[in-house]
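Read-outs: derived from the displayed coordinates by stated rules, not from any lab. All values reported here derive from a predicted model rather than from experimental measurement. When we count neighbours, we look across all protein chains shown, and the Cβ atoms used for this are built from the backbone with ideal geometry, even at glycine.
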Amino acid sequence: MIFPFVGYLVLFNDYVSEKIYFNNLIGENNALFLSSGQRLRYVYFGLAFLGISAIIYQFRRPFVLRHGLDQFKYANKMLNVCTVSTIIDFHGTIRHAGHFTLDGKYYDSLYESFLDDALGKEIGEFERDHQSGNWHSAKLKHEDLLRSIFYETYFRENRKRRASLIFCIILSLVGYAFLFIPSIDVFVQVTMSALFSKP
């Protein structure tokens, strides 16, 4: 990610550029169409595009991706770090916005049972017997329910900011294309040098 800021100073430093021109390996003649300086510029712009893409991704990716790259890693992480209020918020969102997957079709009775085990039995309106509740044992007992909530949340939140993610993919593809061109150029030149140069 830091390459767009420091890459110019490194790659276009006169001493560095002289060392990575590959002239000693492939000679001055170009097998395809790129000069040594052009190859260096392609490498710079390729890495710059990849760096910019990585920066945008870090700031614009859905928050669920910060905890796991797939739904299983996300659920495992959330089982360790979530709180009861987190579950309550996720459940409220699922019931308000609707579910996208079968994981979101869990019974409300299971959710209420989880709250009783985690916070304690209800003893009145908006009151609970907190001494009868145990958050850690409730997580173990209702792990399947919690995983369903996390899977549904991961799928829903992962659908957000699609435009930003598509833009990152496009930038990355452009960056890889810039890197691919000089790589092919050097590969062909090395191959031709090895096959057709005089011993």
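Normalised by residue number, the volume inside the convex hull of the Cα atoms of the range 42-199 is 161 Å³ per residue. With bins 5 Å wide beginning at 0, the percent of Cα pairs of the range 110-163 falling in each bin runs 5, 19, 21, 16, 13, 11, 8, 5, 2, 0. Stretching Lys77 away from Gln38 to a fully extended chain increases their span by 9.4 nm, per 0.36 nm per residue minus the current alpha-carbon distance.
Cross-link pairs exceeding 19 Å in C-alpha to C-alpha distance, out of Lys77/Lys139; Lys77/Lys141; Lys139/Lys160; Lys73/Lys105, comprise Lys139/Lys160; Lys73/Lys105. Take the Cβ atoms of Ala177 and Arg61, set R0 to 22 Å, and the FRET efficiency comes out at 0.45.
The length gained by stretching the chain between Val190 and Thr93 to full extension, at 0.36 nm per residue less their Cα-Cα distance, is 29.0 nm. Each label was represented as a point 7 Å from its Cα along the Cα-to-Cβ direction; for Ser137 and Glu122 these points are 2.2 nm apart. Counting only Cα atoms, the size of the range 66-158 along its three principal axes is 39, 25, 18 Å, in decreasing order. A simple spin-label model places the labels of Asp108 and His130 2.6 nm from each other, with each point 7 Å out along Cα-to-Cβ.
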